[in-house]
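Let me begin by presenting the structure, written as structure tokens, before commenting on it.
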Amino acid sequence: MSYIANIEFLDLGAVFKQELEAGKAAFREIRDDIADGASGETAAQKVTTELDKLKDKYITMYFEEHKKKRLDIEDAKRRGKLQESVALANLRKLRSIEILSGAKLTAIEQDMADLKVCYELTPVELKTSHICPHCHYTYGDKAKNVAGQLDNIDIRMDDLVTEWTNTLLNTISDPIVVSQKEYLSAEQQKVIDEFISTKTLPKHVDDHFVNSIKALLQGFEPVVIDTEDIVAKLDELGPCDVATFKNKLNSIVESYIKGKDAAKLRIVVKRKDSEV
């Protein structure tokens, strides 16, 4: 009776609810027969037989539902591989690039984390406990069925890699963006050129790749300094000690970049007859 009392308010479906009510009615009838002289021992046996049918049906239902809501040992290993995969590591690195929305990646990570693992439960254990003693799954829990979830997550990860790759390629291939490449370091330019050429992400996306993309996208403003102009200003310094020379040189540089965002500037020194 204690076992039945624990499950009677669970969402077990209309049919099983009716069977529970019928079982409770049978219990009350058998119990009342004792007052009319029926043997208590015989009554107890009848009640046990009646309620064991309900208990066994519940155990079958619960065990099947538990398997739908929990990953088994093989799927648990597969989830572990997905969590440690190069694809997921690359996506996590790329997420810091502003033009890439991290919402889809966050959803993938959350859906993967929501998948629970439990492969130890046996029907015998449910004879004494109406819920799994290992993961405490409650029948009727709104958790998603795990069947097909890992396949779905795997596909979503691949799709997101493709989507983000195309987004980056389309963005950095824009002529205005490409024109900024000359202000990057030689190593950064090489990374960008290889990406545009192969149209694929590096096998392992690292900080250097991400920072190169970020640098290209932030947009640089060239500050063109005429060679003759800066030489003339240096000529005006005359003889001076090292500290004075450094201070004067800093003042010259400041005069060229005054009022501009230094983080987005690239100084280009050129002769009048040369191109930037």
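A few remarks follow.
- Cβ pairs under 9 Å, 6+ apart, first in region 133-144 and over 20 Å from Asp111 (Cα atoms), second β-branched (Val, Ile, Thr): Tyr139/Ile7; Tyr139/Ile131
- Just one of (1) charged (D, E, K, R); (2) at pLDDT 95 or above; (3) closer than 22 Å to Glu163 by Cβ fails for Arg78. It is (3).
- Only listed residue being modelled with pLDDT of 95 or more and surrounded by fewer than 17 Cβ atoms within 10 Å (Cβ to Cβ), chosen from Ile155, Ile176: Ile155
- Among the residues making up region 197-228, those that are part of a helix (DSSP H, G or I) and surrounded by fewer than 14 Cβ atoms within 10 Å (Cβ to Cβ) are Ser197, Thr198, Asp207, His208, Thr227, Glu228.
- Residue match in region 63-81 (condition: buried (at least 17 other Cβ atoms within 10 Å of the Cβ), of a type in the set (Phe, Trp, Tyr) and in contact with a helix residue (DSSP H, G or I) (Cβ under 7 Å, 6 or more places away or on another chain)): no
- Region 189-222 - residue that is within 28 Å of Ile267 (Cα to Cα) and among the basic types (Lys, Arg) and, of those, modelled with the lowest pLDDT: Lys214
One line per residue, one yes/no per condition, for (1) hydrophobic (A, V, I, L, M, F, W, C); (2) within 19 Å of Ser96 (Cα to Cα):
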| site | (1), (2) |
| --- | --- |
| Ile176 | yes, no |
| Glu187 | no, no |
| Ile196 | yes, no |
| His204 | no, yes |
| Val224 | yes, no |
| Glu228 | no, no |
| Leu234 | yes, no |
| Leu237 | yes, no |
| Val242 | yes, no |
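- Check on Leu184, surrounded by 12 or more Cβ atoms within 10 Å (Cβ to Cβ), under 30 Å from Cys118 (Cβ atoms) and outside the structural domain of Ala103 (by TED's automatic domain parsing): no
The values are calculated or read from the model by the stated rules, or taken from the named source; none is laboratory data. It should be emphasised that the depicted structure is a prediction, and the values quoted were computed from it without experimental measurement. A quick note on method: Cβ atoms are made from the backbone with ideal geometry, for glycine too, and the neighbour counts reach across all protein chains shown.
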